[in-house]
Amino acid sequence: MSRPKTIFCDIDGTLWDHVGDITSQVNVESHKILENTSEALNRWDKLGYRIILTTGRRESMREATIYHLKKLGIVYDMLIMGLGGGPRVLINDRKPNNSKNTAFAMNLIRNEGIKFYDFDTEFCTIPQLTKEKKVTEFSSREVIEFNDNYIVTRVELFPTLVNVEDNLEYHKLLKKTITVFEGEILISVGEKIYDMEKKILKVGDFITIDPKKYYFITTEKGCKYFETTSPEIWE
């Protein structure tokens, strides 16, 4: 059994609602606890995880912050304040003779809560997946590799998808790269549904789709491609 993990978790916009600038944070009477906050904390507590809360709030706000945390039933082991608003980087050494990382990072959509918090599986940033092939009338999908850094799926689209544009996709965090190795596809990508750029991808062509973009794929004669995505498959 692995040792209990240590969770470093932000507060504003992650555990409770982000209300704005520092003045708003000082004057707010109460916070709204976000989706899955209680479930996540209970899960981590049962697993014996050490919970360290982090925030960019100034040290002078510690008393008020502790008050609101207690009021909402948010338990923790340590509270680190004054981190500032810049990116936070966690650095740790990897254990000898082990290929697994010992430090992980998850980014969430502000004020939408914690969508994935079960870190007790083989991986930390993704749920346990299966490599079984899934076939529908439109496609065949088979995950061929998954880990905390990326997921690779082999996809075959059947010709029945021609002119079908209701398979619109959109991801808030997930980043995806499509590489064609057989046939060709027509892909439409854009920040707005009514203003999408169309591209034909043939064998050897690839495209990366950033988060917050709409896209859909069609094919006339069938196509096979690899789909490589970032770990945020839950968003």
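General observations
- Our helix-only sum for the chain, with -39,500 (n - 2.57) per DSSP H run of n ≥ 4 divided by its residues, gives a mean residue ellipticity at 222 nm of -3000 deg cm²/dmol.
- Under the convention that each Lys and Arg Cβ holds +1 and each Asp and Glu Cβ holds -1, the size of the dipole of the chain around its Cα centre is about 660 debye.
- If the chain linking T179 and K115 were pulled fully straight, counting 0.36 nm for each residue of separation and taking away their Cα-Cα distance, it would gain 20.2 nm.
- Over the chain, relative contact order from alpha-carbon pairs under 8 Å, at least 6 apart, %: 17 percent
- Given their separation in residues at 0.36 nm each and the Cα-Cα distance between them, I200 and R50 gain 49.0 nm when the chain is fully extended.
- Zone residues, segment 72-95, relative to R62, backbone N less than 14 Å from point 7 Å out along Cα-to-Cβ: 78-83
- With a simple spin-label model that places each label point 7 Å from the Cα along the Cα-to-Cβ direction, the separation between D148 and E39 comes to 2.3 nm.
- In this calculation the C-beta distance from F8 to F226 is compared with R0 = 35 Å, giving a FRET efficiency of 0.55.
- Long pairs among K131/K213; K175/K221; K133/K192; K115/K213, criterion Cα-Cα beyond 23 Å: K131/K213; K175/K221; K133/K192
- Cβ-defined net charge surrounding D10, 14 Å radius [Lys, Arg +1; Asp, Glu -1]: 0
- Correct option for Cα extents along the principal axes in Å [calculated from the coordinates] among (i) 44, 37, 36; (ii) 65, 48, 28; (iii) 61, 44, 31: (ii)
- Candidates Y225, I185, L174 compared by Cα position along the dipole of segment 134-229: farthest toward the positive end lies L174, with charges placed on Cβ.
- Averaging the sequence gap over all C-alpha pairs within less than 8 Å and six or more residues apart, then dividing by the number of residues, gives segment 134-229 a relative contact order of 37 percent.
- Inter-part distance, segment 49-116 to segment 1-27, computed on C-alpha centroids, equals 6 Å.
- Placing unit charges on the Cβ atoms of the charged side chains and taking the dipole of the chain about its Cα centre, the candidate lying farthest along the positive direction among Y215, Q25, Y49 is Y49.
- Extreme residue, positive dipole direction of the chain, given options V203, P96, I80 (C-beta unit charges): P96
- This model, with +1 at the C-beta of Lys and Arg and -1 at the C-beta of Asp and Glu, gives segment 1-120 a dipole about its Cα centre of some 480 debye.
- For segment 188-235 and segment 117-161, distance of Cα centres in Å: 16 Å
- Considering only alpha-carbon pairs that sit under 8 angstrom and 6 or more positions apart, the relative contact order computed for segment 1-120 is 35 percent.
- Measuring r between the beta carbons of N27 and R88 and using R0 = 25 Å, the FRET efficiency lands at 0.45.
Taken together, the values in this text are just the output of simple stated rules run on the coordinates, not laboratory data. From a predicted model like this one, the values you see are computed outputs, not experimental measurements. So basically every Cβ, Gly included, is an ideal-geometry build from the backbone, and we count neighbours across all protein chains shown.
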